[in-house]
């Protein structure tokens, strides 16, 4: 086989191998968002580790590799608040803050490695703030207090079991982390208490 044909053959095999991995869902759990779409930067802003959370991801330490390449509104946020610690991914068409892992995997499909969230907000954990970029308004953003459930997700990941009830007129949500043995109790979306002793951990529990 001559050199050009050998190179073409290698490229074909590499392409076939990559297609096979993607189709089997190998990249379903961890994938990167780069500057070609939501962020104008060559370095991925974050990698989603779906084993931990499908809603929250850490911002990569080396991001951005060139701040001047970012949209002006993102540059302004960084100027005022610094680099975010996390990003909050909004998947659903509704305005729910968080979705469950079964919802994520059933809606995205095993081989959908190109799935993108509907929107992304920036989280500043140390400041207890979340930044929202206004769609269609490239120079505007809102800064809001970080919701208790988003903070809990950053701390412990997505819960394996959630139950809802009412107490008088209050909404009660209980998040159980069966792997770690943690329980979070929320009243009207505010953290009421956290229990780390009542639930025996089940290290091999799978929620999806």
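What follows is calculated from the coordinates using simple rules that are stated; it is not laboratory data. Predicted, not measured: the structure shown is a model, and the values here were computed from it.
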For this session: Report the relative contact order of the stretch 159-208, percent, no decimals, based on alpha-carbon pairs under 8 angstrom and at least 6 residues apart.
Result: 30 percent
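Given 0.36 nm per residue, what is the gain on full extension from residue 118 to residue 60 after removing their alpha carbon distance, in nm? If you can, show how the numbers build up before the last one.
On the way: separation 58, 0.36 × 58 = 20.88 nm, distance 2.06 nm.
Stretched out fully, the residue 118 to residue 60 stretch lengthens by 18.8 nm.
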Problem set entry | Cα gyration tensor shape of the stretch 159-208, rounded if a/c is under 1.5, else prolate or oblate by comparing a/b with b/c | prolate
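Grab the Cα-Cα distance for residue 191 and residue 142, subtract it from 0.36 nm times how many residues apart they are, and report the gain in nm with one decimal.
Numbers: separation 49, 0.36 × 49 = 17.64 nm, distance 2.33 nm.
Taking residue 191 through residue 142 to full extension adds about 15.3 nm, to one decimal.
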